[in-house]
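For reference, the structure discussed in these notes is given below.
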Amino acid sequence: MPIPSDAPPPDPALRDAAPALPELLTGWTPRLGAPAMPFRVRTTQGERSLADYRGRWLLLFSHPADFTPVCTSEFIAFARAHDRFQALGCDLLGLSVDSLFAHLAWVRSIEAGFGVEIPFPIAEDISMGLARAYGMLHPADTSTATVRGSFLIDPAGTIRMLSYYPMTTGRSVEELLRTLAALQESDASGLSTPADWQPGEDGVMPPPQTLQEAAARSAAGAPDWYYLPQARTEP
């Protein structure tokens, strides 16, 4: 069963309107369990809005700049893992404050130089409006480029994971895939996933809420009353 959430569902009216900037969400900041801010952007594959991804998972991620080595390595890794994200029902959307034309030239350069086609869209954000709203600009690091922000947004439009990496450090695409699979596992089974969990491994039961539950777990042979590994029961 899905894990219950106290977060209110995203407002369909806001998502359908999909303004380019958060006029309707003054003071909005990205938080776990919060509705993702609506957006509409120009990309290398045409216009995209948050509403376009409703019903699917979305990995929205920012990079500091086109034509840079770490960003190029990340985009090659994302491209090679694209089918694996798709198999998990997740689309990819890259973003930086570079122009659309810079994105187009960079995509062509990656294909020509590395033999890798970038199959997902890359959005421009010259005004930095979306980058500011999603906390992708960290002035202590740089005020003119986005850091490596990553946001997993679920099919209901809720932010389920967010992270920021510094400009010098490339992300682990494998960890993003693992996190996506872990979130989907928890939604499907109600289990939590322990450290270094991988798909197919046992999860753990949420902590007991009563003394009776704690005693029952101890009697069931748990390593301790608060820690009970549990295999997922297929429906």
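The values are calculated or read from the model by the stated rules, or taken from the named source; none is laboratory data. Worth saying up front: this structure is predicted, and the values here are computed from it rather than measured. Positions of Cβ are backbone-derived with ideal geometry, glycine not excepted, and every protein chain shown enters the neighbour counts.
Summary of values
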quantity	calculated
Segment 171-197 - residue that is in contact with a strand residue (DSSP E or B) (Cβ under 6 Å, 6 or more places away or on another chain) and not in a helix (DSSP H, G or I) and, of those, surrounded by the fewest Cβ atoms within 10 Å (Cβ to Cβ)	Pro194
Looking only at segment 51-63, and only at residues there that are crowded, with 16+ Cβ neighbours inside 10 Å and under 13 Å from the mean Cα position of the chain (by Cα), the one that is farthest from Leu130 (Cα to Cα)	Trp57
Residue within segment 198-209 that is out of contact with any Asp or Glu (no Cβ under 6 Å at 6 or more places or on another chain), surrounded by 19 or more Cβ atoms within 10 Å (Cβ to Cβ) and either not in a helix (DSSP H, G or I) or not acidic (Asp, Glu) (or both) present	yes
Qualifying residue in segment 23-31 (condition: at pLDDT 95 or above and either farther than 13 Å from Phe120 by Cα or not in a helix (DSSP H, G or I) (or both))	no
Residue ranges of strands (runs of 3 or more DSSP E) in segment 68-165 with at least 3 members at pLDDT 95 or above, under 21 Å from the mean Cα position of the chain (by Cα) and not β-branched (Val, Ile, Thr)	90-96, 148-153, 159-165
Sole residue being free of Cβ contacts under 8 Å to residues at least 12 places away in the same chain and of a type in the set (Asp, Glu), chosen from Asp202, Asp187, Asp154, Asp196	Asp196
